[in-house]
Amino acid sequence: VFDPQGFAAYRAAMIVFAASSLLFVFGLSRRFLPEKWSLFAVLVTATAPFFLHETYFTWPKLEMAAFILLAGYLVLEARFFSGGLAAGLSYLCHPAALLSLPALIGIIPLVPNLRVADAGFLKRVYRCALAAALVSAGLAIGVVFWKVVNVRASSQASFVSYAITSGNLTPTPAHWVSYRAISLL
């Protein structure tokens, strides 16, 4: 059944890893929804074309997404550094995890421990900034680890250049927004 090079075993392992990301979908949705609706969220996710494609295409994007969901859960639980470490593990799966950092930082003000009514505005801002720094520091550990381990063996320059490109157009802010809007549509 398995080829001598081990690629079939790799594909089978990646499919199992991708399917296990549904556990993270259930766990995070369970934080906000009743159990029946969380199961529905898992069913919707499991039948989404992107999920099916990424499960069998064997890129580790779903593992990345699972660790980002875990990071989001940890941030909501006020475990900011642990959330950053989970995001760092996500980065080790796929560099697109960096695109989730603004969302992770954006949910920090929703954390109940930081919304203390008796705390002044500046104190809440300070707490949120400290939490954002902890999340970023945890993520930075994954990024630095990747850079140290891979030294020159692997470059992600093409991924970074793709994020700032505006297709074949002159790279201006207006062209970039237009190119991203077309890509999103």
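The values are calculated or read from the model by the stated rules, or taken from the named source; none is laboratory data. Please read these numbers as outputs of a predicted model, since none were measured by experiment. Note that we place each Cβ from the backbone using ideal geometry, even for glycine, and neighbour counts take in every protein chain shown. Surface areas here come from the heavy atoms of the whole protein model, side chains and all, with no ligands, DNA or RNA. Shrake-Rupley method; radii C 1.70, N 1.55, O 1.52, S 1.80 Å.
Which of Ala65, Ala8, Gly83 sits farthest toward the positive end of the charge dipole of the chain, with +1 on the Cβ of Lys and Arg and -1 on the Cβ of Asp and Glu?
With unit charges placed on the Cβ atoms, the residue in question is Gly83.
Under 27 Å between alpha carbons, and skipping anything fewer than 8 positions from Lys61 in its own chain: which lysines qualify?
Lys36, Lys147
Among Gly120, Pro171, Leu139, pick out the residue whose Cα is farthest towards the positive end of the charge dipole of the chain, where Lys and Arg carry +1 and Asp and Glu carry -1 on C-beta, about the Cα centre.
Gly120
For Val148 paired with Ala174, estimate the spin-label separation in nm (one decimal), with each label point 7 Å from Cα along the Cα-to-Cβ line.
Here the answer is 4.7 nm between the modelled labels.
Indicate the helices, whole DSSP H runs only, in the chain that combine a mean Kyte-Doolittle hydropathy of 0.5 or more with a Cα extent along their long axis of 15 angstrom or more.
7-32, 35-46, 61-76, 80-93, 121-150
Counting alpha carbon pairs within less than 8 Å and at least 6 residues apart, what relative contact order, in whole percent, applies to region 35-108?
27 percent
Between region 39-53 and region 70-122, what's the alpha-carbon centroid distance in Å?
24 Å
Residues of the chain: accessible area per residue at 1.4 Å, in Å²?
About 64 Å² of surface per residue is accessible.
Sort the following peptides by mean Cβ neighbour count (other Cβ atoms within 10 Å, averaged over residues), highest first: 170-180, 84-94.
84-94, 170-180
What's the carbon and sulfur percent of the chain's accessible surface, probe 1.4 angstrom, rounded to a whole number?
Carbon with sulfur: 73 percent of the solvent-accessible area.
Calculate the dipole size of the chain relative to its Cα centre from +1 charges on Lys and Arg beta carbons and -1 charges on Asp and Glu beta carbons; express the result in debye to the nearest 20.
Charge dipole, the chain, about its Cα centre: 420 debye, nearest 20.
Quick one: which of 128-135, 100-107 comes out on top by average Cβ neighbours within 10 Å, and what's the full order, highest first?
Output ranking for 128-135, 100-107: 128-135, 100-107.
Add +1 for every Lys or Arg and -1 for every Asp or Glu among the other residues with Cβ under 11 Å from the Cβ of Ala131, and state the total.
Every neighbour counted, the sum reads +3.
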